[in-house]
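In what follows, a structure is listed as structure tokens, so that the remarks can point back to it.
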């Protein structure tokens, strides 16, 4: 009966040995002998690994110690020098008294499996690198729209908020967006594309083109949805600039037509007055001509400021003198409209460095805006616009206040946007945009305080010194 | 003295109001003026003009809204309207293509040609009676 067992032992498709307490190979099957050669009187670590000492971690030793089955993964070297990965199982062999007299070690060749495992691991690492380094924002959402994974660019731009809702991360919203293409992809498994504006963790708006695709589980159900968003802000900005040029041309052409109509009116009255000897008409007509010429000049300056980022022509100015000049310039228009134009000057307002023409254009634009806000207001019997100039440490401050119609929140927020005008055909939508641009070019800014029916206050702050401005604008 | 025909001039540019009212009064018409659509509708109620010149881009109430109100009111529907605007000629096609309201009787682009305005006014005021 010994022979069949020896045959089974030899036929086992793995390396089998029986070892004593000193890890000597007592017997081995044919497959082992073929792969590792002569084992007689040798220790297993000598045969398997050509080592002089036993391995640090040895499953056979553990089995001798506690009588349990132990296993480990090892790398062994065959006679032909090839390295083979094996999974080792050690099982005790007991005598009739239950004492462990030897340990049977069975080592299965898992080299192919290991190779596949390594390939899989490498391939996973490669895909992870692709996922991480792809130059767009990628996030994986679960059915509750929680972001469960995100790539590097996504984390750097929107922050590491795994587990948070996508709409919180992308849009700082507390409710799901509508429509939500991730939700739609969960419902029907279809790929979708949508354009969105999202906000980075620094508060910067980013135009993105979002693609969604389903990620299926083993049984084909949609487990997650992947969102891949490409930053198209530059494209949108370029489109917007092109559209702006179109709007500028249309806005200017509309404005010029209105001014030409006004000039025609003035010329008509002057000619008619000259023909009929009516001095009143001549004066009235001439005032219209002059007013429209001033408007044309102001429009041309606005266009120049819009069209070109000009470096200010720096000179030292007196804040009081500037307000005085603007007050003089606006007086005729205010008088004609029946609006009181006040000036309140702080004698200590001091001097500041600025481009004289630009600062004057800025204050004239704001004053005209205030006069217009009073002109169209029918709810108050008396209107007034106040121009103030004062010093505030390293800044000079100009305040233009009116008690006109005031602005609602939307008008206030869009007031400095290009081509936004609430003034009908009189507004080109350039005035406040230019005013803001001039203030910024000087390293300053304009703040608006306004309430519907109560009036508006523009606060213009300009640093006194040019160097401070440069440092700020460069920062 | 015969009754002068009344023309309502609606425009948010004071210079245009002065210009048109002087020109039309010099040519034998009575004029009333409004600086926006809201004031214009009040004036239409008060004086029922024989003709209206209407600017499009105005604050408060635009010329387009004002025009629709004029056309929707039975009593005002017959008043001829000349739209006068500086915005693109495409607007004329747009306003003419709208099905909800009939097109205006006249359409002039700024800067307005005086002779063209006077001819159109004469024609429309005569045609009305």
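The values are calculated or read from the model by the stated rules, or taken from the named source; none is laboratory data. In this text the structure is predicted, and so the values were computed from the model without any measurement. Heads up, the Cβs are rebuilt from the backbone with ideal geometry, glycines too, and the neighbour counts pull from every protein chain shown.
Considering only residues in the stretch B:75-105 that are in a helix (DSSP H, G or I) and within 12 Å of another protein chain (Cβ to nearest Cβ), the one that is modelled with the highest pLDDT turns out to be B:91. When residue A:78 is tested against (1) touching a helix residue (DSSP H, G or I) at 6+ places or on another chain (Cβ under 9 Å); (2) modelled with pLDDT of 95 or more, only condition (2) is not met.
Residues in the stretch A:429-475 that are assigned to a loop (DSSP other than H, G, I, E, B) and at pLDDT below 55: A:475 only. Count of the stretch A:378-417 residues, restricted to those that are without any contact (Cβ under 8 Å) to a residue 60 or more places away in the chain and either part of a loop (DSSP other than H, G, I, E, B) or within 14 Å of chain B (Cβ to nearest Cβ) (or both), is 16.
For residue A:21, the conditions (1) free of Cβ contacts under 8 Å to residues at least 40 places away in the same chain; (2) loosely packed, with under 14 Cβ neighbours inside 10 Å are fulfilled apart from (1). Checked against the criterion of being closer than 17 Å to residue A:73 by Cα, in contact (Cβ under 8 Å) with a residue 60 or more places away in the chain and outside any strand (DSSP E or B), the stretch A:39-49 contains one or more residues that satisfy it.
Condition check ((1) in contact with a strand residue (DSSP E or B) (Cβ under 9 Å, 6 or more places away or on another chain); (2) farther than 18 Å from residue A:440 by Cα; (3) crowded, with 16+ Cβ neighbours inside 10 Å) across all residues:
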| site | (1), (2), (3) |
| --- | --- |
| A:324 | yes, yes, no |
| A:355 | yes, no, yes |
| A:360 | no, no, yes |
| A:365 | no, no, yes |
| A:371 | yes, yes, yes |
| A:376 | no, yes, yes |
| A:384 | yes, yes, yes |
| A:387 | yes, yes, yes |
| A:395 | yes, no, yes |
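Against the test of being more than 14 Å from every other protein chain (Cβ to nearest Cβ), loosely packed, with under 14 Cβ neighbours inside 10 Å and farther than 30 Å from residue A:453 by Cβ, the options A:280, A:347 yield a single qualifying residue, A:347.
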